[in-house]
Structures are given as C-alpha cells and as structure tokens.
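One structure is given below, encoded as structure tokens.
FYI, it's all coordinate maths here, none of it is from the lab. Keep in mind the model is a prediction, meaning the values are calculated, not measured. Don't worry about glycine lacking a Cβ; one is built from the backbone with ideal geometry, like all the others, and counts go over all protein chains shown.
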Amino acid sequence: MNTRKLAGAASIAILALLATAGCSSPTSDDTGGPSGGTLAIGVNADIVETIPSAIQQYNTLSIMSNMYDQLVREPVSGTEPEPRLASSWDISDDRMTYTFHLRTDVQFHDGAKMTSNDVKWSIDYARDDPAKSGDLVNVEDVEAPDDSTVVVTLAAPQPDFLMSLTDPTMSILPADFGGKTADQFRAAPIGTGPFEFAGRTVGTDILFDRFDDYWGDVAKVDGLHFQVYPDVNAESLALQSGEIEIASNVPLDSVPIFQGQVVSTARQLVEILMINSGNPILTSYDFRRALSLGIDRDAIVKSLMPGFGEVAQTILSESVFPSGLPKLQNSPYVYDPDTAKQLVAGSGYDGTPIPLIYSTGIPTDIAIGQAIQAQLKDVGINIDLNPLESGEWLKTVTEPNPNTDWSLSISRAGGATPTGQFGFNTVTGYFGGGWSTDDVSAAAAAYNAAADPAAEQQALTGYEQAVADRLPGVALAYMGVVWVTGSGVQGLQPRASQIIPLNTVTFTAP
C-alpha cells in the first residue's frame, strides 16, 4: 500500500455570523489585530437549498459552504488536497481503496460528536442524490470499520477522486440528518464548520452565528451577515457607504463601479449556451453550428468580462487539462457570421423566435443573453428572451428529460476536476437537453483508466472533440468569480476553485 500521510489538519479561522442586521464596529484583540464586529456581505440572490449535495447554484454554495466541512479541502493553488475532517489518508497501490483517518475532536453544531458513521452516511446520501451522483459514479462501497476510520472502495481508479471530495457539495452531515426529516434539516441545517445557521429572511438576509466549539481556530470576528441585493447599483452604493464590507460574485462588467479591492478566483467556470433537443429546429446539427458560429465571443468577453474572462475553446474548464487546452478539428467555437448565415438559410428555419432563458440572479448572464440575441439576429436567427427568477430557472433546466419547457438557456458549469463536470453532463443529459451521454461515459472511462497525464490529456481531448462534433451545448467563455471589498477588509484569499473561503478575513469599520 502506498501510504500518504499528510500533516494534521491546518487550523482554520473563519468568520462567524450574527443573527442581526447591519454591522457593528470591531475592537482590537491583545495582538493589535482587528477583532469582533459583524462582517456584512452583499450577494446577488437568496439561497435556494441548504443540503450541500443538492446545491447547484454558485451563490447558494458560496454562502452555505461557510457552515460545512469536507473530508479534505482544496489547496490555495495546485491539485494536492489538504487535510480537513480527515487528518490523513492511505491509498492502495491499485488506486481503488482510500482509507481516511478522521479527526477525533469534531463536533456538529448540536454538540454531537462526528464519527465515521456520519461520513459514511453523507457519502452514501450524496451518491443517491441525482445532483451529485455523477461525481461519485466510481464509488462502489463505503465502510466505517471503527469510529475514526472510513474506507472508500472504487469500482475503477479515478485520478481526481481526492480533489472531487474537496467540493463543498461533498460536505459531511450528521447521519440521518441528525434525526430530522430532509425538509426539517433544510429549514435548520447542521454542519461541523465554524459557523452555525442562525436563520434567514427569505429574499433579504442569511445569518449565521459563530460556533465556539469549532474544532479549528475559533473566528476573531463576531459575525457575518449576507444581504441580498438584486440591483447591482444598490449593492455598489452599499459597499461605498460602508453598509457592506464585501460585494460577492460581482457582475464582471460592473466591477469598476464598485470602487474597491478586487479579488478574483481561477477561471474554472465555463459559460455555456445549453441546447434542448426537444425543439425540432435544434435537432439539426447545421443549425446548432450556426448558433455557435454566429456568436462573437471575443466581443462578449471584452465588453462584459473585461479582464476577468477568456474566450472558451472547450466545454470542460481550462484548468483541468494536464497539457493545456486541446486543439480541436473544425472547431465550432469561432466567430464566422458568413458561414452561420449560409447554414441558417439551408436549415429550413422559418424565423420563429427561439426562447432563451436565463437566471435574473446572475446579472452577467442577463447581459450575455441580450448580446446573443443581437448577434444571432444578424445571422438570421430570432431569439426571444425569457428571464426567470433564479429558483424558477434552476427548476426549469433540471426537470427530467424529455423537457420541452425551454429551448436555449445560459448556464455555468465547470470546476477543479474533470470527473465532477462529467458527472454534471451525465446527470443533466448534456446540460438538460436530452442528448445521448454515451460519449460522456466513454470519456470518463478513458480518463479513469489513464495511467499518466498524457493519457488523461488524450481522454479529455477525445471528449472535447466529440462534443464539438455534436454540439449539445455551445462553449462561450471561461470565467472566474470576482469579489470586491472595502479598504478595511484584509485576508480574503481564494483557494483553487470558484469558492472564496472567509477563514482568514478580518476587517475594520469605516
């Protein structure tokens, strides 16, 4: 057995939340650093879920990740996970058995001690959750031989298995929801993280309290208060006035108006135009190719993501390729309006407007939808914009296939590992469009069987070529997530994903 002993879990100091509105002034601790006070954070939309494995929306995941822990955590950079609830782990020579050694000083927010039974239950629950099952497709068995040991057996090797466990959707929950029903848990969730849920006002506020019995370093700051600002200008004014200290997930084209310190994550998100096979005109490959060729990605990136985006050449996020972005044959992810017009003319398209949905909770997507509508009109394709409230949009695009409630949709996929993205593609039937996912399964199998980075690159390249040749969805742009802080905020540092933890943050009130 190859034994991989990692140092004990690093202490994590994270901000806590007060169940009060507004913010209070911090004091100074005996080291002279900022201490106390409630850190106010602006968000674009309310949360739509509290059970981690079921969360499919960045805004919700970013907020709720503050009260949960995973077995392992992602590093600040690179692809080597760090200990968290597991202090160390062993990997078998065949890479199919992972033995996790758990911390013995971890409590849930209700005071119950965390044991291996909770970890086993959490992984098994996530395996059965349609939103997460694709990521754990290789997990064959989970055992808890004693209170501090968990053994996960895979059906096939998975190069990114450890990194897949760092995702906040893989957080550890109390077994059987701590004796609650799923709906009771949703209303009052419990985790092992440095924050405990304190309540919310739907559509307005999300509140947490500091968990004083946290196994890591207890936060110096008294609390966090997430405040919902659907209007970008109102959020900007709130940051400038000191009503909030941080504006999270700022629309990329609006970053300059926030006038603060900019913190951005790695570009692990891919903006995608999802295509539903239920619309007859969209079953034509030539027409789908016309959609792609008619979009000026460079113009969208420069105008709507200035300095924070890049034209996408793949469906998978750019950071997952061991040898860099692959070169595709006859790539559809280019701007060629003349060819697009020819394809439209030969497709039999009669000009009927094609509905395009997107979430009103993501301002950048609103602007992208408007840009796509204008650009496609120039090549003879009429688009009807149908904005939906965030929760309604998510419900619409995740309904089981066949689903004809939408035709086109703007979405974001991506992440730090390929397997999670393969899982998303499989579970959604290629972005909810009802397409065959045989090529996803084939690519995942080839990736899992890869013995070295060159073989991984070959598997991922083959997958991208298959997607380009079929176009169940159109890649638009690579992007990260941008937060803007006031001058008094210190220590905000993203890790190797689109999630920005708050464990190092201190602030001084204006």
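How tilted is helix 438-449 with respect to the longest principal axis of the chain? Cα atoms for both, answer in degrees (0 to 90, nearest 10). The helix 438-449 is inclined about 50 degrees to the chain. The 3J(HN,Hα) values that the Karplus relation (6.51, -1.76, 1.60; θ = phi - 60°) gives for the range 141-152 are, in residue order, 7, 10, 10, 10, x, 8, 5, 10, 9, 10, 10, 10 Hz. Gly and Pro appear as x.
Take the cross-link list K302/K341; K302/K377; K341/K395; K120/K395; K220/K302; K327/K395 and give me the ones stretching past 32 Å between alpha-carbons. Each step should come with its number before you reach the end.
Values: K302/K341 24 Å; K302/K377 20 Å; K341/K395 34 Å; K120/K395 29 Å; K220/K302 40 Å; K327/K395 35 Å.
In this structure, K341/K395; K220/K302; K327/K395 lie more than 32 Å apart at Cα.
Each of T79, S92, F161 was placed along the dipole of the range 57-169 (beta-carbon charges, centred on the mean Cα), and the one lying farthest toward the positive end is T79. Here's how it looks for E389: its modeled amide H is under 5 Å from those of T360, which are all 5 or more places away or on a different chain.
Using just the Cα positions, wrap the chain in a convex hull and report its mean projected area in square nanometres, one decimal place. If you can, show how the numbers build up before the last one.
Details: hull surface 89.0 nm².
Convex hull of Cα atoms, orientation-averaged projection: 22.3 nm².
Dipole magnitude for the range 263-362: computed about the Cα centre from +1 point charges on Lys and Arg Cβ and -1 point charges on Asp and Glu Cβ, it is near 120 debye. Taken one residue at a time, the phi angles of the range 324-335 give Karplus couplings (6.51, -1.76, 1.60, θ = phi - 60°) of x, 4, x, 9, 8, 7, 6, 4, x, 8, 10, 9 Hz. Gly and Pro are set to x.
Let me test this: with uniform point scatterers at the alpha carbons of the range 341-385, what is the Debye-based log₁₀ I(q)/I(0) at q = 0.24 1/Å? Cα-only, vacuum Debye calculation for the range 341-385: -0.81. Amide H to amide H distances under 5 Å link T149 with L102, S116, where only residues 5 or more positions off or on other chains count and H is placed in the peptide plane. Percent of Cα-Cα pairs more than 16 Å apart in the range 249-350, please. Summing the P(r) of the range 249-350 above 16 Å gives 67 percent of all pairs.
Per residue and in Å³, how big is the convex hull formed by the alpha-carbon atoms of the range 292-421?
Numbers: hull volume 18.3 nm³, N = 130.
Per residue, the Cα convex hull of the range 292-421 comes to 141 Å³.
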